[in-house]
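Asker: To start, I am sharing the structure in question, which I have written as structure tokens.
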Amino acid sequence: MSEIATADAEHPDRRAEAARAGRRGRPGYDREGLIRVCVEAFNRHGYEATSMGVLARELGISKSAIYHHVSSKEEILDIALSRSLAELERVVSEAESRGAPAVDELEEIIRGSVAVLTASLPHVTLLLRLRGNSELEIRALQRRREITLRIAELIRRAQDDGDLRDDVDARTASRLAMGMVNSIVDWYRPADGHSDTTLADMVTGLLLTGLRAPRS
């Protein structure tokens, strides 16, 4: 019998203690998995109502195990918001960089925004439910507003080009357009049978049909 086996035989509680220590130690989540579960918990319970204790119960681990990966629930929120905002900002920047007509840039942004939303539904849902209750949330809301303003400027350019109707205020049109895109979080589920492409086609078609200038 090996020395280890002999030691275990002499101390019958050692194996049980080792098992308990393993459960208390490093969590069974990598950082990405932990953040994903936490974001889903924020969406179900509301960020303000979700304490570290609630997160620990959702994850099935101790609070100290969560701190192995992140310093606070604010850090989890920051990571989730930064990712969704960075993706949306990337969509706008890439569309603007192509030098295409403004109406084509707008179509690309709408399609890209739908793709980001469906690919990162929990993160974008969390972003859209912010109430500005902290400096972190206020900064995220400001970045959202800047995206809307950039789209408004794009609509204004497309109106000047004669591609979009000019009887609608550009900023209002931008808010309405992004409001339609953002509303997808309230009903979209991947199992509904809508492919990302089909959904993007429907949203883009509805929006641009209403915004396009009539042709003689």
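The values are calculated or read from the model by the stated rules, or taken from the named source; none is laboratory data. Please read these numbers as outputs of a predicted model, since none were measured by experiment. All Cβ positions, even for glycine, are placed from backbone atoms using ideal geometry, and neighbour counts span all protein chains on display. These accessible areas exclude ligands, DNA and RNA; they are computed on the full protein's heavy atoms, side chains included. Shrake-Rupley method; radii C 1.70, N 1.55, O 1.52, S 1.80 Å.
Asker: Which pairs turn up if I take residues in the range 181-196 that are part of a helix (DSSP H, G or I) and look for partners that are modelled with pLDDT of 90 or more and open to solvent by 40 Å² or more (accessible area, probe 1.4 Å) with beta carbon separation below 8 Å, at least 6 apart in sequence or on another chain?
Answerer: As it stands, the answer is Asp196/Ala115; Asp196/Ala119, since those pairs meet every condition given.
Asker: Could I ask something else about it? List every residue pair whose Cβ atoms sit under 6 Å apart, with the two residues 6 or more apart in sequence or on different chains, where the first one lies in the range 203-214 and is closer than 14 Å to Gly162 by Cα and the second, anywhere, is surrounded by fewer than 19 Cβ atoms within 10 Å (Cβ to Cβ).
Answerer: Correct list of pairs: Ala213/Gly162; Ala213/Arg165.
Asker: On the given criteria, is Glu135 over 20 Å from Ile76 (Cβ atoms), without any contact (Cβ under 8 Å) to a residue 12 or more places away in the chain and not basic (Lys, Arg)?
Answerer: Criteria not met by Glu135.
Asker: Among the residues of the range 158-180, count how many are open to solvent by 80 Å² or more (accessible area, probe 1.4 Å) and either in a helix (DSSP H, G or I) or over 21 Å from Asp104 (Cβ atoms) (or both).
Answerer: Total meeting the criteria: 6.
Asker: Please determine, by comparing only the residues of the range 91-105 that are in contact (Cβ under 8 Å) with a residue 12 or more places away in the chain and not in a loop (DSSP other than H, G, I, E, B), which one is surrounded by the most Cβ atoms within 10 Å (Cβ to Cβ).
Answerer: Looking at the filtered set, the residue picked out is Ala95.
Asker: A further question on this structure: Scan the range 106-147 for residues that are buried (at least 16 other Cβ atoms within 10 Å of the Cβ), among the polar types (S, T, N, Q) and assigned to a helix (DSSP H, G or I) and jot them down.
Answerer: Within the range 106-147, Ser113, Thr118, Thr125 meet the criteria.
Asker: Taking into account only those residues within the range 38-82 that are part of a helix (DSSP H, G or I), open to solvent by less than 30 Å² (accessible area, probe 1.4 Å) and without any contact (Cβ under 8 Å) to a residue 24 or more places away in the chain, which is nearest to Ala119 (Cα to Cα)?
Answerer: Per the criteria, the residue is Ala41.
Asker: From the list Gly205, Gly210, Gly193, exactly one residue is modelled with pLDDT of 90 or more and either of a type outside the set (Ser, Thr, Tyr) or at positive phi (or both). Which is it?
Answerer: Gly205
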